[in-house]
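Laboratory data are not the source of any read-out in this text; all were calculated from the coordinates shown. Because the structure is predicted, anything quoted here is derived from the model rather than measured. When we count neighbours, we look across all protein chains shown, and the Cβ atoms used for this are built from the backbone with ideal geometry, even at glycine.
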There are 2 protein chains.
Amino acid sequence: MLIHSASQLITIAGAPQRGAELGRLGVIEDGAVLIKGDTIADVGSSQALRTQYPDESTLDISGRVVMPGFVDPHTHAIWAGDRSAEFEMRLQGKSYMEIMAAGGGIASTVRATRAASLKVLMNETRQRLQRMFSHGTTTAEVKTGYGLHSAAELRMLLALLRLDLEGPLEIAATFLGAHAVAPEYQGRTDDYVTLVCDTMLPLVKGWWHNHAPFHCYPFVDVFCEKGVFDLDQSRRILEASARLGFPLKIHADEFANIGGASLAVALNAISADHLVATSAEDIQMLAQSNTVAVALPCTPFGLAESHYTPAREILEAGGLLAIATDLNPGTAWCESMQFAIALACRYLHLTPAQAIAAATINAAAAIDRSDRIGSLEPGKQADLIVLDIPDYRHLGYRFGTNLVQTVIKKGRIYPI
Amino acid sequence: MLIHSASQLITIAGAPQRGAELGRLGVIEDGAVLIKGDTIADVGSSQALRTQYPDESTLDISGRVVMPGFVDPHTHAIWAGDRSAEFEMRLQGKSYMEIMAAGGGIASTVRATRAASLKVLMNETRQRLQRMFSHGTTTAEVKTGYGLHSAAELRMLLALLRLDLEGPLEIAATFLGAHAVAPEYQGRTDDYVTLVCDTMLPLVKGWWHNHAPFHCYPFVDVFCEKGVFDLDQSRRILEASARLGFPLKIHADEFANIGGASLAVALNAISADHLVATSAEDIQMLAQSNTVAVALPCTPFGLAESHYTPAREILEAGGLLAIATDLNPGTAWCESMQFAIALACRYLHLTPAQAIAAATINAAAAIDRSDRIGSLEPGKQADLIVLDIPDYRHLGYRFGTNLVQTVIKKGRIYPI
């Protein structure tokens, strides 16, 4: 299949983009892509590809933009329950403690998620995945972490494996047993960390080998934050994970800097995420590593806070920057990477080109898949989106709506 | 037609809501609406209405929320041309003057709009109106003001009349010849004001009588702002408009307080819009009047500014508050009232209930149509939306996506 006459074909060809390189979009005006099966076979000007492949069936998309599907490298898209009443309480000035006392907060999602059957959990999550897909996300990372005991965490992993199999959105799973201390372990964080390290992680490893022997290995992530898991506890969990062969991620410096970013670098984590309270020294260290810095601008926006990831400083230091939605029921129920881009332009001070690269090739690097997805190049998976805009800079410029018209996932066309 | 089994039927019955009253949604759990032709015939519990009207054809919307269509009372939705490159220049730190020198700013939209044929202007605008409609806006105010000479301003009015006739979105037109000083009149603002008062306004009046004798009269609006039209110039235009019988609106206090809000009250304007730099005294005066205060949160968001309308102060003073998108190509290309609600919750400190009332019954009052639209009550026009959410508080809580599933306009069903 030949997709031709794109007003702009955004290839983002080449490696993940460091520092000042970020924003190299490789735009081809009046461009075309040749897809064979689920793979990109050729990329070039419409004229050249039409001449070279005269017999291919064609999809004309004159006047529109074609680019790689978005990769959302940090979401908590799987949960059960409803916290909209809590949002209202927050706006009415109720304190965190009052909301907790009324049964709100993460504990309420944990209760509902534990109580949900596999079917209910899959149904509620599927709606969100479909919404992500219709907004142009073709691959997303999704974390467990609302189970907080072995059975519920494994049920979340099973739901993710099944939803990945259903498609069309592809899922990179992350085990986040250390999202919070389980209610049964309140005040005994170290004991919970021991449970995660000695019981849950080996269990997840064995379970994964039985249920998904040919599937990408899940990441292990930990919420390293003042009042949640401290630096030593986070290190214990991540080191135990590394010993078992899991690739690592970390929630670092969302509210306070307790050393999460430097731990990520020391343990060669694939990504360090949030990075709002990150110090200048930690930015330097991170920027010289291969750990991807993942900014989550929907989270401060969702909370109406004014502190965002110091993205420009990370770029000036030569770092690898990606963006993600952080889709979750507490702080940021947003399925749209287009909206994350609109925020990145305004609050991370990125240009549309930089935000687009951070949402594709660099986001793919943040889930260790930049060899397969994140750009339009021969040999890569045919994950593309068609946007009903004449110029890529409409991404960022426009906000609150969905500009995606067609999603092509593994070579298959899905009109939106 | 009987629409029944709404998880929540949001009626917003009664008059526009002042001050502390704002947010009275009149929720009926498991509610139903009876529609006869284009009009609401009855509203009540599903059980009562099903018993009373056993033979009506029914639309089952179990588990979803039904509410009045959004009214967007302030937009500049009609224009031609593309300013996405200018957005990028702004993010790269280019100054307003550099952007102007590169052909950007409002002048670029004026050039493109003047050059556009009626057909092009209608085509470009229609896409935006359809996007507004698919996001649940059933009636919108749309302003001229990118023509700035008689012929182009009348072409904009003609396009608006035709687009209104096409439907399904209903348009309340506003003549905004005083959006900016026409390029030909640079440095001669008073002369341009004379042109508006002595030539354009009488021309618009005569033209309207010929082209739309049975249609609502257009509003006249003026951009009263430091460096645009000062208080005296704004007063000249609005007084001339009032003498000709036009209802009045005003852009007041967006960046500086030069007295626009008090002028609105003095002239009994239907609405005063923006109101960011409004003083405490002006808030008191406004709140005691019948002029609706229209907050436009997408505009500071679009510009990444931190100053928003002091909505809580307006409510505490007993004012009538509405919200709108301000959809325009320079500062806020956003067609979604849902997103305006999400911003209102975070930056105007409204609850979802308050923001919803501000986006429906009070927004209808801001275009003087609250007798016909803005609530679900017998006798009102059947403009409803069905949202794929179990609780109205998902509006505001969730952001960046479209939660509308079905729009019913004048009794006709439009699946989204």
With R₀ set to 22 angstrom, the calculated FRET efficiency between the beta-carbons of A:SER95 and A:HIS307, to the nearest 0.05, is 0.65
Cα-projected label distance for A:GLN186 with A:THR39, points at 7 Å along beta-carbon direction, nm: 5.5
When ranked by the protection proxy of mean other Cβ atoms within 10 Å per residue, highest first, what sequence do the peptides A:37-45, B:320-328, B:169-177, A:194-202 form? B:320-328, B:169-177, A:194-202, A:37-45
Write out the chymotrypsin sites (Phe, Trp or Tyr not before Pro) in region B:207-246 meeting two conditions: DSSP loop, and at most 11 other Cβ atoms within 10 Å of their Cβ. B:PHE214
Let me know the mean shielding of A:348-359 by other chains, meaning the per-residue number of their Cβ atoms within 10 Å of its Cβ. 2
quick note, chain A, DSSP beta bridge pairs, % antiparallel (nearest 5) is 45
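When Lys and Arg each count +1 and Asp and Glu each count -1, what net charge do the other residues less than 12 Å away from B:CYS334, Cβ to Cβ, add up to?
Around B:CYS334, the surrounding residues sum to 0.
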10 Å Cβ neighbours from other chains, averaged over peptide A:388-398: 5
What distance in nm lies between label points placed 7 Å from Cα along the C-beta direction at B:ARG50 and A:HIS215? 4.1
How long are the semi-axes of the equivalent ellipsoid of region A:201-337, defined as square roots of 5 times the Cα gyration tensor eigenvalues? Whole Å, largest first. 25, 18, 14
Sum of -39500 (n - 2.57) over DSSP H runs of 4+, divided by residues of chain B (222 nm, nearest 500): -10000 deg cm²/dmol
Debye intensity ratio I(q)/I(0), log10, chain B, q values 0.10, 0.12 Å⁻¹ (C-alpha model): -0.64, -0.92
In nm, what is the difference between 0.36 nm times the number of residues separating B:ALA242 and B:ILE416 and their Cα-Cα distance? 58.6 nm
Which residue, A:SER117, A:SER241, A:SER57, tops the fluctuation ranking in a GNM of chain A built on C-alpha contacts under 10 Å? A:SER57
Taking the label point 7 Å from Cα in the Cβ direction, how far apart in nm is A:GLN47 from each other copy of itself, listed shortest first? 7.3
Label region B:315-358 by shape, choosing from rounded, prolate and oblate, from the square roots a ≥ b ≥ c of the eigenvalues of the Cα gyration tensor; if a/c is under 1.5 it is rounded, and otherwise prolate applies when a/b is larger than b/c, oblate when it is not. prolate
Report the normalised scattering of the protein assembly as shown as log10 I(q)/I(0) at q = 0.07, 0.10 Å⁻¹, calculated by the Debye formula with identical scatterers on the alpha carbons. -0.54, -1.10
Cut-off 14 Å between beta-carbons: net charge of the residues surrounding B:ASN362, Lys and Arg +1, Asp and Glu -1: -3
Using alpha carbon centroids, what distance separates region A:121-176 and region A:223-299, in Å? 23
Nearest 0.05, what FRET efficiency do B:GLU29 and A:LEU231 give at R0 = 45 Å with Cβ-Cβ as r? 0.40
How far apart, in nm, are two points set 7 Å out from the Cα along the Cα-to-Cβ line at A:ALA107 and at A:ASN123? 2.8
Net charge around B:HIS74, counting only other residues with Cβ within less than 12 Å of its Cβ (Lys, Arg = +1; Asp, Glu = -1)? -4
List the lysines whose alpha-carbon lies under 18 Å from that of B:LYS226, not counting same-chain residues fewer than 8 positions away? B:LYS249
Residues of A:89-101, mean number of Cβ from any other protein chain within 10 Å of their own Cβ, rounded to a whole number? 2
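Classify region B:51-96: rounded, prolate or oblate, from the alpha-carbon gyration tensor (a ≥ b ≥ c, eigenvalue square roots; a/c under 1.5 rounded; otherwise prolate if a/b is larger than b/c)? Provide the component values of the computation, followed by the final result.
On the way: a/c = 4.75, a/b = 3.54, b/c = 1.34.
It comes out prolate by the Cα gyration axes.
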